[in-house]
Amino acid sequence: MKLRLSRHAKNNMRLYGITQEHIRKAIESPDKSIVEGERQTVMKAFPKRFSGFPVKVVFVKDNGGILVVTAYPLRAKYWRKRK
């Protein structure tokens, strides 16, 4: 799969220390996935990174591969499990 990154995604990756490998793992085996029109949103937890919170990746599939729109770690309030 060809992975292309938007400028916004590259800036966030640099800011939060997210690697392309984190993004690939999130897209290939997400913990949670949401489809909104053409955009897909996936979340994947990396227990030893990002204080244990998941990384959220928003991307669009096209005939040239995958364009990552943005990627960032979520905060606790968005990921809490409801009882």
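The values are calculated or read from the model by the stated rules, or taken from the named source; none is laboratory data. As the structure is a prediction and not an experimental result, all values here were calculated from the model. Note that we place each Cβ from the backbone using ideal geometry, even for glycine, and neighbour counts take in every protein chain shown.
In region 35-51, what residues are out of contact with any strand residue (DSSP E or B) (no Cβ under 6 Å at 6 or more places or on another chain) and either in a loop (DSSP other than H, G, I, E, B) or among the small types (G, A, S) (or both)?
Across region 35-51, the qualifying residues are G37, F46, P47, K48, R49, S51.
List every residue pair whose Cβ atoms sit under 7 Å apart, with the two residues 6 or more apart in sequence or on different chains, where the first one lies in region 28-43 and is under 18 Å from M1 (Cα atoms) and the second, anywhere, is exposed (fewer than 13 other Cβ atoms within 10 Å of the Cβ) and among the aromatic types (F, W, Y).
none
Suppose we keep only residues that are basic (K, R) and modelled with pLDDT of 95 or more within region 1-13. Which one would you say is surrounded by the fewest Cβ atoms within 10 Å (Cβ to Cβ)?
Looking at residues that are basic (K, R) and modelled with pLDDT of 95 or more, I get R7.
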